[in-house]
1. In nm to one decimal, list the spacings between the residue B:141 label point and its equivalents in the other copies, with label points set 7 Å along Cα to Cβ, shortest first.
2. Order these by the 10 Å Cβ neighbour count, fewest first: A:266, B:186.
3. GNM, chain A, Cα, under 10 Å: largest mean-square fluctuation among A:115, A:26, A:235?
4. At 0.36 nm per residue, minus the direct Cα-Cα distance, what do residue B:138 and residue B:298 gain on full extension? Give it in nm, one decimal, please.
5. Mind checking the mean number of beta-carbon atoms from other chains within 10 Å of the Cβ atoms in B:85-94?
6. Using a Förster distance of 30 angstrom, determine the FRET efficiency expected from the C-beta separation of residue A:253 and residue A:207, and round it to 0.05.
7. Quick check: from the Cα gyration tensor, does the stretch B:91-189 come out rounded (a/c under 1.5), prolate or oblate?
8. Which distance in nm do the two modelled labels at residue A:192 and residue B:192 give, with both placed 7 Å along the Cα-to-Cβ direction?
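Only the coordinates and a few stated rules stand behind these numbers; no lab work does. Values in this document were obtained by computation on a predicted structure and should not be read as measured data. Every residue, glycine among them, receives a Cβ derived from its backbone with ideal geometry; neighbour counts consider all protein chains shown.
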DNA sequence: CGCGGACCCCAAAATATGCTTATGATTCAC
DNA sequence: GTGAATCATAAGCATATTTTGGGGTCCGCG
């Protein structure tokens with residue numbers, strides 16, 4: 001098969017009209033061009049040039065190859081341009097899979113920065129609760145997974161091929177109706193909430209709630225469980241019970257009659273992004289992770 | 001720029017699904033493929049593959065390059081096919097420049113063989129008298145020149161860059177009206193023709209006629225000169241005079257009232273083909289020369 | 001659950017390939 | 001004829017590329 005370098009040199013020779021000129025243009029010495037053209041003629045099986053005094057003339061085969069050279073170099077350049085765009089972050093598609101409260105807060109903030117810095121990068125966002133998002137990552141169904149874990153809980157170890165990027169420590173708050181006796185305090189003690197009715201969130205959150213209450217010496221009265229953060233808020237507003245929720249969820253609090261108070265003792269969940277280590281070398285993926293990190297850092301106070 | 005070999009290997013990897021399989025297909029060892037793909041990723045600036053257990057998976061950039069690889073390899077193959085056709089004589093155009101009597105005899109015979117053996121080769125035939133055809137060859141206006149020279153005459157030396165391919169020795173004949181007293185003999189002596197009126201051909205032929213007659217001790221009475229062989233024949237038929245003509249011309253004798261008799265002593269012209277030496281490496285040109293040589297050999301008896 | 005096969009990666013040595021330098025030969029212009 | 005510019009050739013050297021040899025991981029199978 002033809003060597004693309006030979007084709008390029010050949011094309012330059014044709015447009016320059018001489019070996020020496022082509023060599024100057026391409027930064028070769030003249031004998032290098034001579035050898036390349038000799039090799040090209042060898043693989044072609046036909047002479048491409050004929051000597052015309054001090055200059056060159058193309059044979060019929062040379063004319064034919066010159067025409068083909070245009071399209072060959074064109075298709076090579078097209079490929080190079082597209083890959084260059086991907087490398088220089090002028091293009092790229094990243095599939096992010098996050099959990100609801102991050103998708104409503106961290107992710108949009110990161111996307112705003114991303115759009116400003118790299119308008120060519122496209123993101124596809126899907127939603128899954130923590131254990132699932134990392135599974136999807138391992139199955140190749142997404143490029144970046146957002147997950148969280150509760151500090152005390154026995155968390156499954158992170159597989160070796162995954163890189164963990166800690167984003168923030170999301171403090172837990174107690175959601176109370178505004179009229180609740182403890183709602184006026186800045187923070188509430190978990191030990192003061194043994195007699196409350198509780199609304200629990202996702203399975204992990206529920207498990208964490210039970211763990212914390214057990215540490216305080218009681219078993220909470222969980223009257224309701226749901227994945228849906230907005231439903232939890234509405235239930236609290238309706239007086240069904242109180243809830244333990246990460247601060248991130250407060251960012252989209254939409255009930256006037258519900259308020260959040262920091263839980264005591266300090267409780268938090270660790271929010272992290274996960275990526276296949278090798279995917280960190282993909283520019284678009286790397287930049288999305290970086291923007292997530294920055295977005296998390298700027299709201300560090302949560 | 002991308003190396004076409006890398007593209008080819010990459011394409012094979014994509015269609016085979018693994019480095020090892022691609023290596024087997026292409027006759028490499030597996031580490032060679034690994035390194036080629038590594039180099040390809042280096043020039044691309046983006047990872048192309050991601051590991052998926054025992055197999056591989058393409059990144060977005062890999063998918064893009066796979067699409068481009070099709071067109072790149074396609075255009076390379078197209079070029080290779082066309083040049084291969086030229087090399088294998090399935091195509092090619094050869095410009096032949098000959099003198100009239102050869103164009104009417106040798107060339108058509110050679111073309112018939114050529115058409116049978118190599119249907120793809122195309123020939124463009126032009127006509128010029130001897131000194132001119134070689135000039136055209138040197139100016140690059142044709143690829144094969146047919147020329148002739150008279151033995152005794154001082155012929156211009158053949159330039160070094162030209163290859164001379166002797167085709168045949170074309171014996172000279174005397175053209176006589178059928179009623180002529182000497183027309184019954186098998187051959188006629190030039191010395192018996194001192195009193196005839198003569199019709200001369202092209203300048204070289206005319207000079208040769210004068211030379212031969214001078215050798216016989218007389219100066220011929222040249223009443224007419226023309227390049228046109230058919231005109232010469234008609235003039236002889238009309239009784240204007242007799243002529244000395246190469247045997248080749250007899251091949252297209254169209255007058256019943258004219259006959260040709262070998263001249264004595266033996267006279268002939270050397271008919272040769274000329275090619276630029278480097279053009280002998282062009283298959284189509286070489287085959288045309290070869291067919292001319294064969295055509296001349298089969299009619300060696302002239 | 002251990003085992004073998006298939007796969008990939010890595011590092012070093014052997015081999016090829018390609019480039020450069022130096023030199024010679026030719027052509028063309030002044 | 002001389003000088004500038006061209007291409008061809010040969011030898012030396014640098015860089016690539018391939019192979020070789022070894023190791024690790026994943027998966028299916030007994």
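1. 7.7
2. In increasing order of surrounding Cβ atoms, one gets B:186, A:266.
3. Evaluated over chain A, the most mobile residue of the options is A:26.
4. Numbers: separation 160, 0.36 × 160 = 57.60 nm, distance 2.91 nm.
Difference between extended and current length: 54.7 nm.
5. Going residue by residue through B:85-94 and averaging, the value is 3.
6. Working: r = 24 Å, r/R0 = 0.80.
Computed FRET efficiency for residue A:253 and residue A:207: 0.80.
7. oblate
8. Placing both labels 7 Å along Cα→Cβ, they lie 14.9 nm apart.
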